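To keep things clear, I will list the structure first and then write my remarks on it.
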């Protein structure tokens, strides 16, 4: 069955050449003859013998060429038969022209890496008289069929487009949501082209506030979300609708710094908030598309959690910033032994110096006297004073953090940010902001008055607690022994920090965490498998803070 689109396959490893003539956008299959799709060859892949083992270079080249050529000719059924999921592949390949309205395209393969073949697509999308060019890159992988032994394209929706996921589809038409022009706090226009990490946020703001802001619809190509209440992702705009103006709390200068910062690492995310108001000033991820760890992640925050643990210790009368604490190399809790990094110890320490060196044992041992209350104390502290888990209404979808009640060794682990604790950079930036400001201000990205939503609230920290926390953060960012001093050296103004590393099951290297503040800006970053907090996440936070007030 022809899907209608004519797609040429040119250049690269799989240039189709016959008699010195390269085949372009038309009649590719006719030119291939018996060696093409649907023909019979004497290759091992077509023999009656079921092959096993890894696919060969010849099989990778032959299968990918045939698949792309069939897609090129609009033969969705033939192309789908060359995959290991014929039904799903045929639906997607047919929809490429029938619902996405791609009228023509040129596919240019690159050189294979192992069994994976990259390629670029330069397409034309046409709908009701509107036409627009569309370019992107994707890839396919050739595998051996489990039952047939044939080399087949390992079907994933991303073969069609890299952002397409299972259950999603491409569509071109009149958009279902009104257009917006999102601006930062100073009126500067924010676009996904300039700030790639904002693509998902801008789509979400558009869905929620476009019509309210006076926008109208246009003609676009988008990805239909797999979730009924999800946000469709716009890929191409053929005709712009009238844009409604949506004012955000973002700061273009800080956002640009956040985008630069996360690009330093393969999997990095960062968020920045204003302690005095809770306004979100920046939020960024690398990779910039897909799952947004900065606001939706839920992973162990490591020793950055010691900010809340310190507040719990102080408020429960177990110590203060300048109180002496024991920092042995290890400590036992209900039969489980907890260690400091490299088993270091501090013969003479205060809570402040232990915080600066990130001594794990100093934040476990003092809590033992709480007895029956120790399994709930951290959860109460996190929710009641830091607003964790209180259903934040930021204006976009966010995960608000989780500090559950615990028992046994998990209680001790939670004091150092392990166990069942789940956070993301936005949560930890807010935690730092609360410590600095003395009270929780719920993070938000658009004004509360835009839709009259209810902000989460929390009890202010008792007098003196914020001052001690701030002093501990400052010491960690400035003292010679502070684990955050090196990363924060380039940051000016009143500043403070806390490092963290979190062990993740199955990962050889721990996650790198870092949170800090400078004047009226707090930021937190996570670099997955980045190691020590000051080494990876620290420079990301410093980049953001340098761009602040």
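Listed here are the residues, each with its yes/no results for (1) within 31 Å of the chain's Cα centre (by Cα); (2) in the same structural domain as residue 515 (by TED's automatic domain parsing); (3) free of Cβ contacts under 8 Å to residues at least 40 places away in the same chain.
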residue	(1), (2), (3)
278	yes, no, no
305	yes, yes, no
308	yes, yes, no
317	no, yes, yes
332	no, yes, yes
344	no, yes, yes
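Out of region 384-400, which residues are surrounded by 20 or more Cβ atoms within 10 Å (Cβ to Cβ), within 27 Å of the chain's Cα centre (by Cα) and modelled with pLDDT of 95 or more?
So the first thing to find is which residues in region 384-400 are surrounded by 20 or more Cβ atoms within 10 Å (Cβ to Cβ), and the list is 385-388, 392, 394-396, 398, 400.
With within 27 Å of the chain's Cα centre (by Cα) added as a condition, the list becomes 386-388, 392, 394-396, 398, 400.
Correct list: 386, 387, 388, 392, 394, 395, 396, 398.
Residue 197 meets the conditions (1) under 25 Å from residue 290 (Cβ atoms); (2) touching a strand residue (DSSP E or B) at 6+ places or on another chain (Cβ under 9 Å); (3) without any contact (Cβ under 8 Å) to a residue 60 or more places away in the chain; (4) surrounded by 19 or more Cβ atoms within 10 Å (Cβ to Cβ) in every case but one. The failed one is (3).
Within the group 524, 479, 536, which residue is touching a helix residue (DSSP H, G or I) at 6+ places or on another chain (Cβ under 8 Å) and closer than 19 Å to residue 267 by Cβ?
Details: 479 fails: closer than 19 Å to residue 267 by Cβ; 536 fails: touching a helix residue (DSSP H, G or I) at 6+ places or on another chain (Cβ under 8 Å).
Just a single option satisfies the conditions, and that option is 524.
Answer yes or no: is there a residue in region 83-102 that is at pLDDT below 95 and over 26 Å from residue 127 (Cβ atoms). Among the residues of region 83-102, not one is at pLDDT below 95 and over 26 Å from residue 127 (Cβ atoms), which makes the answer no. Is it the case that some residue within region 197-209 is assigned to a loop (DSSP other than H, G, I, E, B) and either modelled with pLDDT of 90 or more or closer than 28 Å to residue 122 by Cα (or both)? No, every residue in region 197-209 fails to be assigned to a loop (DSSP other than H, G, I, E, B) and either modelled with pLDDT of 90 or more or closer than 28 Å to residue 122 by Cα (or both).
Check whether at least one residue in region 125-135 is crowded, with 20+ Cβ neighbours inside 10 Å and within 28 Å of residue 291 (Cβ to Cβ), and report yes or no. Yes; the residues of region 125-135 include at least one that is crowded, with 20+ Cβ neighbours inside 10 Å and within 28 Å of residue 291 (Cβ to Cβ).
Just wondering, is there one or more residues in region 385-396 that are within 26 Å of residue 495 (Cα to Cα), part of a helix (DSSP H, G or I) and out of contact with any strand residue (DSSP E or B) (no Cβ under 9 Å at 6 or more places or on another chain)? Checking region 385-396: at least one residue is within 26 Å of residue 495 (Cα to Cα), part of a helix (DSSP H, G or I) and out of contact with any strand residue (DSSP E or B) (no Cβ under 9 Å at 6 or more places or on another chain). Against the criterion of being without any contact (Cβ under 8 Å) to a residue 12 or more places away in the chain, assigned to a loop (DSSP other than H, G, I, E, B) and more than 23 Å from residue 83 (Cα to Cα), residue 191 qualifies.
What are the residues in region 456-491 that are touching a strand residue (DSSP E or B) at 6+ places or on another chain (Cβ under 7 Å) and in contact (Cβ under 8 Å) with a residue 40 or more places away in the chain, if any? Full working, then the answer.
Taking region 456-491 first, the residues touching a strand residue (DSSP E or B) at 6+ places or on another chain (Cβ under 7 Å) are 470, 473-474, 476-477, 483-484, 487-488, 491.
Within region 456-491, 473, 476, 483, 484, 487, 488, 491 meet the criteria.
Is at least one residue of region 467-477 part of a loop (DSSP other than H, G, I, E, B) and surrounded by fewer than 16 Cβ atoms within 10 Å (Cβ to Cβ)? No, every residue in region 467-477 fails to be part of a loop (DSSP other than H, G, I, E, B) and surrounded by fewer than 16 Cβ atoms within 10 Å (Cβ to Cβ).
Identify the residue in region 91-102 that is touching a strand residue (DSSP E or B) at 6+ places or on another chain (Cβ under 9 Å) and part of a helix (DSSP H, G or I) and, among all such residues, is surrounded by the fewest Cβ atoms within 10 Å (Cβ to Cβ). Steps first, please.
Within region 91-102, the first condition is being touching a strand residue (DSSP E or B) at 6+ places or on another chain (Cβ under 9 Å), and the residues that meet it are 91-93, 95-97, 99-102.
Still in the running and part of a helix (DSSP H, G or I): 91-93, 95-97.
On the way: 91: 16, 92: 26, 93: 27, 95: 18, 96: 23, 97: 21.
Ranking the qualifying residues of region 91-102, first place goes to 91.
The number of residues in region 171-184 that are assigned to a loop (DSSP other than H, G, I, E, B) and either surrounded by fewer than 16 Cβ atoms within 10 Å (Cβ to Cβ) or modelled with pLDDT under 90 (or both) comes to 5.
Filtering region 506-545 to residues that are closer than 15 Å to residue 273 by Cβ, in contact (Cβ under 8 Å) with a residue 60 or more places away in the chain and surrounded by fewer than 24 Cβ atoms within 10 Å (Cβ to Cβ) leaves only 520. If the condition is being under 25 Å from the mean Cα position of the chain (by Cα), closer than 30 Å to residue 407 by Cβ and part of a helix (DSSP H, G or I), then region 418-466 contributes 425, 426, 427, 428, 429, 430, 431, 432, 434. Tell me, please, whether a residue that is buried (at least 23 other Cβ atoms within 10 Å of the Cβ) and at positive phi can be found in region 309-327. No, the conditions are met nowhere in region 309-327.
The values are calculated or read from the model by the stated rules, or taken from the named source; none is laboratory data. Keep in mind it's a predicted model, so treat the numbers as computed, not measured. Note: ideal-geometry Cβ built from the backbone for every residue, glycine included; neighbour counts use all protein chains shown.
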